[in-house]
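Since the structure comes first, as structure tokens, the remarks are kept for the end.
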Amino acid sequence: KVELIEGQPPDTAEIVILHKELEDHPGLLAKIAGVFTANSLEILAAEIGQVGAQGHLLDRFVVKDIKFTERLQTAGSVDNVWLETTPRLEGDLIGALEENVSIAKIFEKRKKPFVFSKPKTAFQVPTRVFSKKANGRFTWVDIETLDYPGVLFISASVLAGLRFNILPKRTFIDTEGYEPPVGMKAVSAFAIEGMLTKAEKKRLSRVLKQIL
């Protein structure tokens, strides 16, 4: 279920996703980020894996509608833009999380190319990956890179593809937004379950820098 919280700038909203499950599972964040990207919603900030009133998981995302101006012209009002976006987003999330619809299919459904490339900009943000142990139970992985639509989806997909399990309650995402042709910085702090070996850290850093 998707809940919309107003009080943001017109093209921005806080979206709360209420999950049926009581526990997180690997790849969940990548799927959610993929659905947002397919719907042209840029994630500006997120708090993952909070606990709702009924004990279920909930995720909070602040998103910016990249197509807001275009949608406003057809919807007629700011309220109508988000009233149309919410059920569309909820339907795609149900498809990805409950019906095993691939993210590529959702991109196709939304007529959005399933292609990602780092934009050309004079604003340079070299990708940096920092890893450090914490409490013997998980490893912090901090990622800094140029912010652009889809960057969280790519990062989370890499972690899922390498079989790293993200601990949601300790994971935070904060971006400065992407404003062509300038660009901004995206910072993500992922808590990865277990203690990563030196070889795993090197491999993760190498893959992320190649892709991002």
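Quick notes
- These residues, TRP82, TRP140, go from largest to smallest accessible area, 1.4 Å probe, as TRP140, TRP82.
- Per-residue packing, averaged as other Cβ atoms within 10 Å, sorts the ranges 191-201, 85-95 into the order 85-95, 191-201, beginning with the highest.
- Rounded FRET efficiency, nearest 0.05, which uses the C-beta distance separating ARG137 from VAL78 and R0 of 45 Å: 0.55
- Pairs beyond 27 Å (Cα-Cα), from LYS67/LYS132; LYS105/LYS202; LYS67/LYS185; LYS132/LYS185: LYS67/LYS132; LYS105/LYS202
- For the residues PHE114, PHE164, a 1.4 Å probe over the protein chains yields an accessible-area ranking, largest first, of PHE114, PHE164.
- Share of carbon and sulfur in the accessible heavy-atom surface of the chain [1.4 Å probe, %]: 53
- Gain upon complete extension [GLU193, ARG110; 0.36 nm per residue less C-alpha separation]: 26.5 nm
- Potential lengthening between ALA45 and GLN8 on full extension [0.36 nm per residue; Cα-Cα distance subtracted]: 12.0 nm
- Excluding ligands, DNA and RNA, the accessible surface per residue across the chain is 52 Å² with a 1.4 Å probe.
- For the stretch 92-154, applying the loop criterion from DSSP together with a ceiling of 11 other beta carbons within 10 Å to the trypsin sites (Lys or Arg not before Pro) yields LYS111, LYS120.
The values are calculated or read from the model by the stated rules, or taken from the named source; none is laboratory data. Predicted model, so just to flag it, every value in this text is computed and none were measured. Neighbour counts are summed over all protein chains in view; Cβ atoms, including those assigned to glycine, are modelled from backbone coordinates with ideal geometry. Side chains included, ligands, DNA and RNA excluded: accessible areas come from the protein's heavy atoms. Shrake-Rupley method; radii C 1.70, N 1.55, O 1.52, S 1.80 Å.
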